[in-house]
Amino acid sequence: MRLDPAICYRALRARDARFDGRFFVAVSSTRIYCRPVCTVRPPRRENCRYYPSAAAAEDAGYRPCLRCRPELAPGNATVDAVERTARAAALLIEEGAVNEAGLAAAARRLGVSDRHLRRAFQAEFGVSPVAFAQTQRLLLAKQLLTDTLLPVTEVAFASGFASVRRFNTLFRERYRLRPRELRKASLPAAARDALAFELGYRPPYDWQGMAGFLGARAVAGVESCDGDAYRRTVRIVAGGREHRGWLEVAPREGKRALAVRISASLAKALPPVLARVKALMDLSCHPEEVAKALGPLAARRPGVRVPGAFDGFEIAVRAILGQQVTVAAARTLAGRFAAAFGAPLETPFAGLETVFPAPEDVAAASAARIAKLGVPAARARAVLALAERLADGEIELTPGADVDATLGRLRAIPGIGEWTAHYIAMRALAWPDAFPHTDYGVMKALKLTDPKRVLAVAEAWRPWRAYAVMHLWRSLAPGDRK
């Protein structure tokens, strides 16, 4: 990524939140690097160096600022093909997949060669994938040391280090600090009951719109959203083991960040859990770019986000169950499905007691058993076929998956049409240009009945058509939404 020093310095002087996470500024006189929104007095222009990633700044010998905390910077949405490949790899690194399976396995998952992935990654982030992964581990460890009471040994392993000795050595080399020097003497009571984090975003952020969308679709037993906070149960595989627990997300008053609490039972799965929360809450969005592309459509509701997915299989099942029925009816079916195939879990929240089933759990069932829940036979067979393909690894529903290939594999399943495939791509793959053009609400909002005409109108909104969908849905009266 090429950075213009003049533009970067102007953004730094203005503390422009639009550039937060897009570059990092390193100061040669202090050997410290910051986010462009850092509140310290701006350094002299000649002392500034600009890097496309925190990893590139650290690779050049700088350590992170303790005030603006680079580990809290928001990520970036992916649109361009090469850029998308690099950022998809970055997501896998954030989830810890490279720690477990290696870079070659990540390249295979993304459908590219190891060499192409390294080249794309170097061009986008200014460092190799291995160096990026090392920085991500260090930044997560720094965040855990600052915001939680996890013992240092557990911090080392939770952030992806294979040994405590390596963690201590690298921490001292990079940050010129001992890990314990970052440990706060006291933390809020909430941090003592669970692991507490902050995840940054670029303002504006339409929290009420996000909460309203998630709340209207919350699966009984699995999710809840009262407007003030979103909560859900979690089942996730990390380090070859399944981990279960819960999480809570709420706006952080006075900050451009969301407050996230995660149950201690998920401490050994933090990288993938945090990465999925970022995807679910669409924290990589550049609202200014989206608003510019959508024009008048976005003017009334600044900061609208596209809700992602914590669990791609869960979203895909819900999309199939929601075909040609209202949001309320789909929610009812999803609750029955979770209760029938999911597993019980104890949480501190009333009504949150079930983890959504894994594809393997459903693949072992029969279409007839699914149909008994009140699901039409054709949709029951589609759910079963989807579960079988995910269990076999034929389909992967994560933000890093190849969009075109995944859409093709989804459409090949009888019972999954264009609307369902694009809805899954919009949420599970975090594809910003997904556009379910046959959606009832989209056509209602546009006052059109011809899907081809809908597609023609939407051409002006590329590559952010998924955001256009959210604005169109929000423009409808509650009774017109399906």
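Data table
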| quantity | calculated |
| --- | --- |
| Convex hull per residue volume in Å³, alpha carbons only, for region 4-104 | 113 Å³ |
| Long pairs among LYS372/LYS444; LYS292/LYS447; LYS142/LYS268; LYS142/LYS255; LYS278/LYS452, criterion Cα-Cα beyond 25 Å | LYS372/LYS444; LYS278/LYS452 |
| Packing-based order for 278-289, 83-94, using average beta carbon neighbours within 10 Å, highest first | 83-94, 278-289 |
| √(5λ) per eigenvalue of the Cα gyration tensor, region 364-471, largest first, Å | 28, 18, 10 |
| Cβ charges +1 (Lys, Arg) and -1 (Asp, Glu), total dipole of the chain, debye | 1240 debye |
| Accessible area per residue, Å², region 296-435 with all protein chains present, probe 1.4 Å | 39 Å² |
| Sulfur and carbon atoms: percent of accessible area, the chain [1.4 Å] | 50 percent |
| Helix axis angle, 114-125 relative to the chain longest principal axis, alpha carbon, degrees | 70 degrees |
| In sequence order, calculated HN-Hα J values of region 273-284 (Karplus, 6.51, -1.76, 1.60; Hz; x Gly/Pro) | 5, 5, 4, 6, 5, 4, 5, 4, 8, 6, 7, 8 |
| Added length on full extension, which subtracts the Cα-Cα distance from 0.36 nm per residue, LEU177 to ARG45 | 44.8 nm |
| Ellipticity estimate at 222 nm from DSSP helix runs (n ≥ 4, -39,500 (n - 2.57)) divided over the chain, nearest 500 | -13500 deg cm²/dmol |
| Whole-angstrom gap from region 109-128 to region 197-233, using each part's C-alpha centre | 33 Å |
| Per the chain, cysteines lacking a partner by the 4.7 Å Cβ criterion | CYS8, CYS48, CYS225, CYS285 |
| Spin-label pair LEU448/ASP226, simplified geometry with 7 Å Cα→Cβ offset, distance in nm | 4.2 nm |
| Calculated from backbone phi, Karplus (6.51, -1.76, 1.60) coupling profile of region 239-247 in Hz, x at Gly/Pro | x, x, 10, 8, 10, 10, x, 9, 9 |
| Where only alpha carbons of the chain are counted, the Rg and the Dmax (Å) | 22.2, 70 |
| Using θ = phi - 60° and Karplus 6.51 cos²θ - 1.76 cosθ + 1.60, couplings along region 204-219 (whole Hz; Gly, Pro as x) | x, 10, 7, 4, 4, x, 4, 5, x, 5, 5, x, 5, 10, 4, 7 |
| Sequence-distant residues sharing a close amide H with GLY221 (under 5 Å, placed H) | GLU353 |
| Over region 38-78: Kirkwood hydrodynamic radius from C-alpha pairwise inverse distances, Å | 11.8 Å |
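The values are calculated or read from the model by the stated rules, or taken from the named source; none is laboratory data. Given the structure is predicted, the values throughout are model-derived calculations rather than measurements. Neighbour counts run over all protein chains shown; Cβ positions are idealised from the backbone, glycine included. The protein model used for the area step is the full one, side chains on, heavy atoms only, and it has no ligands, DNA or RNA in it. Shrake-Rupley method; radii C 1.70, N 1.55, O 1.52, S 1.80 Å.
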